[in-house]
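Here the structure comes first, spelled out in structure tokens, and everything after it is commentary.
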Amino acid sequence: MRILFIGGTGVISSACSQLAVDRGMDLTVLNRGQTSDRPLPPAVRPLVADIRRPETVKRALGDERFDAVVDWIAYTPGQIETSIDLFRQRTDQFIFISTASAYQKPPRNLPITESTPLYNPYWDYSQAKIACEDRLTRAYRDEDFPVTIVRPSHTYDRTKIPLRGGYTTIARMRQGKKVFVHGDGTSLWVLTHHTDFAKGLVGLLGNPRAIGEAFHITSDEWLTWDQIYRIMAQAAGVVPQIVHLPSEFINAFDPETGAGLLGDKAHCAIFDNSKIKRVVPDFVATVPFSVGAREIIAWYDADPDRRIVDEAFDRLTDRMISAYESIWLDTF
């Protein structure tokens, strides 16, 4: 199969690029040609163009057609409109990478399935992805545009610490400082290794059963946020000092973090992966987070330049914890 990735060197897409090549696909990656921590496999054909400047894409592609195109980097309906115009006559399948945060928040029913309503009044990012899905669904219904929608949840690789603050939070743990976890730490979450996600995505490429359908692709391992922090701390060789802060309290101090909590991470996320398993029978997530956490810490510990501490976030963490503990002591 001839496959085109728009993007291809990100956390999720890099693993998909590698697996597509490993399975013998003829993969072209179109991006702006900037350097990345995740270089493309040698067998990939790179094309330099800017998807936000459609004329550069038309020049780069000429009259080429593809069995499947995956758009990893569209975030707004305007960008989707551009992609529809560019690939309407160029592909037999257009895969849009949406987000599982588009699902109803808070969810009224668990587990989450692909038929769970798309409704997130808290997070602009999710609302924009929902609007993109709406536009693509109309294109499929009105003109038979061959769309497949994929909704990743929290997917990571060795470079991405799935904790607010990233390496700063690991550094605090190693220094014996307190770290915060939203709520009471017991809400359930799913973390998916990017190589596991790739099995599902690559299995959808050129798959006729995927046209007109939406899929989420996640691990089946459910962890509480306290467990996630403790697993990361164990990989880093320490025991964490966790302070639980209400999500609304965090939002008052840090609206950027708050939007992602209230619109996603503060709610239990349990996914039913039956649909992707029916359509891609060999899909199975095999990397537990305990293994992924060790990969992450090993990657950061291998190079001091990667261990960047965000001083502003470090100070913010101290202020939030101090303020909450003062309120707690005054109240009780």
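Laboratory data are not the source of any read-out in this text; all were calculated from the coordinates shown. It should be emphasised that the depicted structure is a prediction, and the values quoted were computed from it without experimental measurement. Methodologically, a virtual Cβ is constructed for each residue, glycine included, from the backbone with ideal geometry; neighbour enumeration extends over all protein chains shown.
Using a ≥ b ≥ c from the Cα gyration tensor of the stretch 272-332 (square roots of the eigenvalues), is it rounded, prolate or oblate, where a/c under 1.5 gives rounded and otherwise the larger of a/b and b/c decides, a/b for prolate? The partial results should precede the final answer.
Working: a/c = 3.87, a/b = 1.66, b/c = 2.33.
Oblate, since a/c reaches 1.5 and b/c is not below a/b.
Measuring from a point 7 Å past the Cα of Asn207 along Cα-to-C-beta, which residues in the stretch 94-123 have an amide N at less than 15 Å?
Only 94-97, 114 pass the distance filter.
For the chain, what class follows from the C-alpha gyration tensor (a ≥ b ≥ c being the square roots of its eigenvalues): rounded when a/c is under 1.5, otherwise prolate if a/b is larger than b/c, else oblate? Mind dumping the intermediate values first?
Numbers: a/c = 1.95, a/b = 1.65, b/c = 1.19.
Here the chain falls in the prolate category.
Pull up all non-local amide H partners of Val243: gap of 5 or more, or a different chain, and H-to-H distance under 5 Å with H placed in the peptide plane.
Close amide H contacts, sequence-distant or interchain: Val179, Phe180, Val181.
In vacuum, with every alpha carbon of the stretch 1-105 counted as one equal point scatterer, what does the Debye formula give for log10 I(q)/I(0) at q = 0.15, 0.16, 0.19, 0.22 Å⁻¹? Two decimals, please.
-0.60, -0.68, -0.96, -1.28
5 Å is the cut-off here: which amide hydrogens, built 1.01 Å from N in the peptide plane, fall below it relative to Lys160, excluding neighbours closer than 5 in sequence?
none
Under 18 Å from a point 7 Å along the Cα-to-Cβ line of Ile270: which residues of the stretch 225-244 have their amide N that close?
From the stretch 225-244, the list is 225-228.
Thr148's amide H: which non-local residues (gap 5+, or another chain) put their own amide H closer than 5 Å, with H modeled 1.01 Å from N in plane and none for Pro or chain starts?
Correct list: Phe94, Ile95, Phe96, Gly212.
Find the lysine pairs in the chain meeting two conditions, Cα atoms under 18 Å apart and a separation of 8 or more places or different chains, and report how many there are.
Lysine pairs meeting the criterion: 6.
Name the most mobile residue of Pro41, Pro304, Pro281, meaning the one with the largest mean-square fluctuation, in a Gaussian network model of the chain with Cα contacts below 10 Å.
Largest GNM mean-square fluctuation: Pro304.
Most mobile of Thr148, Thr91, Thr218 per a Gaussian network model of the chain (Cα springs, under 10 Å)?
The residue with the greatest mean-square fluctuation here is Thr91.
Which net charge results for the neighbourhood of Arg141, defined as the other residues with beta-carbon distances under 14 angstrom from its beta-carbon, given Lys and Arg at +1 and Asp and Glu at -1?
Numbers: positive: Arg135, Arg138; negative: Glu133, Asp134, Asp142, Glu143, Asp144, Glu213.
Once all neighbours under 14 Å are counted, the net charge is -4.
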